[in-house]
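A.B. asks: Before I ask anything, here is the structure I am working with.
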Amino acid sequence: MAYDIRLVKIINGETVLGKYDEETKGLKEVAILQTVPTQQGVQMVLLPFGYPFETEISGEIKAEHILYTFKSFPEELKNKYIEATSNLTISSARDLSALNRMAPAGKSGSGLILK
């Protein structure tokens with residue numbers, strides 16, 4: 001099932017991600033995006049919106065509380081959100097390339113290696 005994942009700014013100034021609900025025009029399973037300054041620059045942290053009192057990504061944001069919807073944002077951020085809400089790990093092309101290098105020479109694998 002494909003989800004319409006959106007990154008939005010809400011009226012209190014926070015930036016959140018969630019699954020867009022066409023019926024309510026709002027977001028479900030909301031996570032907050034926080035930036036943390038580091039020596040190397042800035043790191044982004046994805047947390048449940050109700051953190052620290054809630055440890056699961058849940059909840060809703062109604063349409064009237066959405067101030068701005070970002071037209072585009074990094075695919076990696078979408079992948080991290082999907083991983084956090086589904087407990088699945090999404091592989092990148094680089095990961096598949098590493099799997100290909102681990103295959104025994106001259107033998108075809110059991111269907112895990114994509115060429």
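A.B. asks: Tally up the residues in the range 19-39 that are over 19 Å from residue 80 (Cα atoms) and touching a strand residue (DSSP E or B) at 6+ places or on another chain (Cβ under 9 Å), please. Before you say what the answer is, go through the steps one by one.
C.D. replies: Going through the range 19-39, the residues over 19 Å from residue 80 (Cα atoms) turn out to be 21-26, 37-39.
Checking which are touching a strand residue (DSSP E or B) at 6+ places or on another chain (Cβ under 9 Å) leaves us with 21, 24-26, 37.
Counting residues in the range 19-39 that are over 19 Å from residue 80 (Cα atoms) and touching a strand residue (DSSP E or B) at 6+ places or on another chain (Cβ under 9 Å) gives 5.
A.B. asks: Going through the range 38-48 one residue at a time, which ones are part of a strand (DSSP E or B) and more than 22 Å from residue 10 (Cβ to Cβ)?
C.D. replies: Across the range 38-48, the qualifying residues are 38, 41.
A.B. asks: If you don't mind, another one. Could you tell me whether the range 40-58 includes any residue that is touching a strand residue (DSSP E or B) at 6+ places or on another chain (Cβ under 7 Å), over 13 Å from residue 77 (Cβ atoms), aliphatic (A, V, I, L, M) and open to solvent by 60 Å² or more (accessible area, probe 1.4 Å)?
C.D. replies: yes
A.B. asks: Let me ask another. Looking at the range 24-38, can you tell me whether even one residue there is of a type in the set (Asp, Glu), open to solvent by 90 Å² or more (accessible area, probe 1.4 Å) and over 18 Å from residue 72 (Cα atoms)?
C.D. replies: No, every residue in the range 24-38 fails to be of a type in the set (Asp, Glu), open to solvent by 90 Å² or more (accessible area, probe 1.4 Å) and over 18 Å from residue 72 (Cα atoms).
A.B. asks: Kindly provide the set of residues from the range 30-49 that are under 18 Å from residue 67 (Cα atoms) and in contact with a helix residue (DSSP H, G or I) (Cβ under 9 Å, 6 or more places away or on another chain), ordered by number. Lay out the reasoning, then the answer.
C.D. replies: At the first step, the residues of the range 30-49 found to be under 18 Å from residue 67 (Cα atoms) are 30-34, 49.
Once the filter is applied, which keeps residues that are under 18 Å from residue 67 (Cα atoms) and in contact with a helix residue (DSSP H, G or I) (Cβ under 9 Å, 6 or more places away or on another chain), the range 30-49 yields 31, 33.
A.B. asks: Out of curiosity, is residue 19 charged (D, E, K, R) and either at pLDDT below 90 or loosely packed, with under 13 Cβ neighbours inside 10 Å (or both)?
C.D. replies: So residue 19 fails the test.
A.B. asks: Being part of a strand (DSSP E or B), in contact with a helix residue (DSSP H, G or I) (Cβ under 9 Å, 6 or more places away or on another chain) and of a type in the set (Val, Ile, Thr) is the filter here; which residues of the range 9-29 pass it?
C.D. replies: Within the range 9-29, 10 is the sole residue that qualifies.
Here's the yes/no breakdown for (1) modelled with pLDDT under 90; (2) in contact with a strand residue (DSSP E or B) (Cβ under 9 Å, 6 or more places away or on another chain); (3) assigned to a helix (DSSP H, G or I); (4) surrounded by fewer than 13 Cβ atoms within 10 Å (Cβ to Cβ):
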| residue | (1), (2), (3), (4) |
| --- | --- |
| 67 | no, yes, no, yes |
| 77 | no, yes, yes, no |
| 89 | yes, no, no, yes |
| 95 | yes, no, yes, yes |
| 109 | yes, no, no, no |
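The values are calculated or read from the model by the stated rules, or taken from the named source; none is laboratory data. Bear in mind that the values here come from a model prediction, so they are computed numbers and not experimental data. Neighbour counts are summed over all protein chains in view; Cβ atoms, including those assigned to glycine, are modelled from backbone coordinates with ideal geometry. For accessibility, only protein heavy atoms count, side chains too; no ligands or nucleic acids. Shrake-Rupley method; radii C 1.70, N 1.55, O 1.52, S 1.80 Å.
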